[in-house]
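A short write-up of the structure that comes next.
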Amino acid sequence: MKKHNILLRFRAFAFCAILAIVAGSCADLQVENLNNPDTRRVLATADDLKSVMGGAFVNLYTPFGRSAANTSTYYANTHMEWTGDYITMTNNFRAFWSQFKVEPRPQFNNTLGFPDRDLSGRPFAVWYAAISSANDVIRAVETEGKQIGPNGSENQMVLASAYFCKAMAYGYLANTFDRAYIMNPDTDPKAVKLVPYGEVMQEAQRLFDRTIDIASRNTFTFPANFINTTQPLNSDRLTRLCRTYAANFLVQNARNRAENTQVDWARVGTLTANGMREDYQINVDYANWHNSLQTIASLNWYWRTDHRIIRLMDPSYPKRFPAQASVASIPEAKSADARLKLYFTYETSLAFFRADRGPQLRSHYRFSRYDYFAEGTKPGPSPILFAYTNDLLRAESAAMRGQLSEAITILNAGKRVTVGKLEPLPASASRETVLETIFAERDIELTLTDYGIHFKDLRRRDGLQKGTILHFPVPVDELSVFGTTPYSYGGELSSDGKNTADGSNAWYVRP
């Protein structure tokens, strides 16, 4: 009965999202018996089905920031980049400090008593709400024969959107949590069980392939209320986007260096050979569409850039802000890389940092690449995945398969040279140099884009500090639904390199 209730609860959540779009607001539904006749009434017409998909996409992207139904911005995305030493901040919120930046790293508090447990619980729930909605649409079209558009002319467009939404949700689940469960339109609720992240990624890859198959055989454009993209998402763009996302998710599924070597790099190469050509951007409107990492970055007193990132452009820059109380500031970094000044700004004030919480939190630099958001209030385009992501994946696939000349050619035609104005890599560059250059490019150029991207890149290199969680456990509220004993990861005493970082290649080792 508990497993059946979880599906009903997700349908209620998806229905809430539909109401939020249609009526502009939605109460927090606590419904455990949304029965099938009600569901059929909600999905009675083509417009109903399209509204469901609109709501599903809002749910899919809710963990990037605020939503109409929940004003919290601090979901797992922010915390992964925080504990991955990509961003630092004013640390006014206890969850940030006590769970993700304190050293030595503690075990993550996955208990009902943790007041900020929605930071992982809400993404888990809303991604399943998106999946549940997509399943309802797929069932209505493929099983019940519902027709969308004149003579079913929009059936393939809506099916492609549903499979794409599911692929994305499972990709995020697989790369954020240690386990999840797979739900399809014909899944028996009594048979639902948690499976490892690798199996969840296999499902995501299957769904990306299904989406690519539909989109490559049909011509369509998603309506504006599906995803608020800066360019209409037509079937060609969707096909290319799916290839790049499938490759990026596949690569970031690795939890450590050993798993990274076992990635299907040939598939990554095949996918990215015909991947994205344009940036994938969603227009932030502060109603249904948000990206808190990027919009808050425009505040000169909030997110700051960890020294780890500045050192990619100036290796002489200190690894940490000096611990001596007498040191009030450190000079600007110096670099031949033009992007240091293009993408980052040196701020003199450190007044908001609490010295008692340690020098590892302090930084003069902030991300200024998204300043057009005007301190988190002005609408604008949010890059969710840069086209350059595809080039870097192509280069990494080539390097991992021993094709160094191809990887070097891609890098020398890329932004490290065209924007950073750096000297091209020599043809004699070693494999290690090429791979380090690729990771540096991902850190510098893909700033705060795909969900937890920088944390996951550091994770698959064994670069996280010892004791850092490698993924979130299934949220405690969900475990209670399954009747499973709560568990967690993190802390130096449990550093096994599989669930908790062992620090074997950590970028920073405490003295």
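A few comments on the model shown:
- Among the residues listed as A246, A323, the single one being in contact with a helix residue (DSSP H, G or I) (Cβ under 6 Å, 6 or more places away or on another chain) and outside any loop (DSSP other than H, G, I, E, B): A246
- Among (1) in contact with a strand residue (DSSP E or B) (Cβ under 6 Å, 6 or more places away or on another chain); (2) free of Cβ contacts under 8 Å to residues at least 12 places away in the same chain; (3) of a type outside the set (V, I, T) - the single one Q202 does not satisfy: (1)
- Subset of the range 349-401 [more than 21 Å from E441 (Cα to Cα) and of a type in the set (A, V, I, L, M, F, W, C)]: L350, A351, F352, F353, A355, L361, F373, A374
Listed here are the residues, each with its yes/no results for (1) closer than 23 Å to R308 by Cβ; (2) in contact with a Pro (Cβ under 8 Å, 6 or more places away or on another chain); (3) touching a residue at least 40 places away in the same chain (Cβ under 8 Å).
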{"site": "R401", "(1), (2), (3)": "no, no, yes"}
{"site": "S405", "(1), (2), (3)": "no, no, no"}
{"site": "A413", "(1), (2), (3)": "no, no, no"}
{"site": "T437", "(1), (2), (3)": "yes, no, no"}
{"site": "G463", "(1), (2), (3)": "yes, no, yes"}
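- Residue check for R139: modelled with pLDDT under 95, under 30 Å from L49 (Cβ atoms) and part of a helix (DSSP H, G or I): no
- The range 46-73, residues that are part of a loop (DSSP other than H, G, I, E, B) and modelled with pLDDT of 80 or more: G65
- Residue match in the range 348-356 (condition: outside any loop (DSSP other than H, G, I, E, B) and modelled with pLDDT under 95): yes
Let's see how each residue does on (1) crowded, with 16+ Cβ neighbours inside 10 Å; (2) in contact with a Cys (Cβ under 8 Å, 6 or more places away or on another chain); (3) of a type outside the set (A, V, I, L, M):
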{"site": "V141", "(1), (2), (3)": "yes, no, no"}
{"site": "L159", "(1), (2), (3)": "yes, no, no"}
{"site": "C165", "(1), (2), (3)": "yes, no, yes"}
{"site": "Y172", "(1), (2), (3)": "yes, no, yes"}
{"site": "A191", "(1), (2), (3)": "no, no, no"}
{"site": "Y197", "(1), (2), (3)": "yes, no, yes"}
{"site": "E203", "(1), (2), (3)": "yes, no, yes"}
{"site": "R210", "(1), (2), (3)": "yes, no, yes"}
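- Selected residue (only one of I214, I227 is aliphatic (A, V, I, L, M), surrounded by 19 or more Cβ atoms within 10 Å (Cβ to Cβ) and touching a strand residue (DSSP E or B) at 6+ places or on another chain (Cβ under 9 Å)): I227
- The set of residues from the range 74-121 being of a type outside the set (G, A, S), surrounded by 22 or more Cβ atoms within 10 Å (Cβ to Cβ) and under 25 Å from F57 (Cα atoms) comprises Y75, N77, T78, H79, M80, E81, L119.
- Of all residues in the range 400-420, those satisfying the criterion of being surrounded by fewer than 21 Cβ atoms within 10 Å (Cβ to Cβ), touching a Lys or Arg at 6+ places or on another chain (Cβ under 9 Å) and not in a helix (DSSP H, G or I) are G402, V419.
- Of the residues making up the range 330-375, just one is among the charged types (D, E, K, R) and at positive phi, namely E375.
- When residues in the range 211-225 are screened for being small (G, A, S) and either part of a helix (DSSP H, G or I) or not assigned by TED's automatic domain parsing to the domain that holds T244 (or both), 2 of them pass.
- Among the residues listed as R369, R394, the single one being touching a residue at least 12 places away in the same chain (Cβ under 8 Å), in a helix (DSSP H, G or I) and within 29 Å of Y508 (Cα to Cα): R394
The values are calculated or read from the model by the stated rules, or taken from the named source; none is laboratory data. Computed from a predicted model, the values in this text were never measured in an experiment. Every residue, glycine as well, gets a Cβ built from its backbone with ideal geometry; the counts of neighbours run over all protein chains shown.
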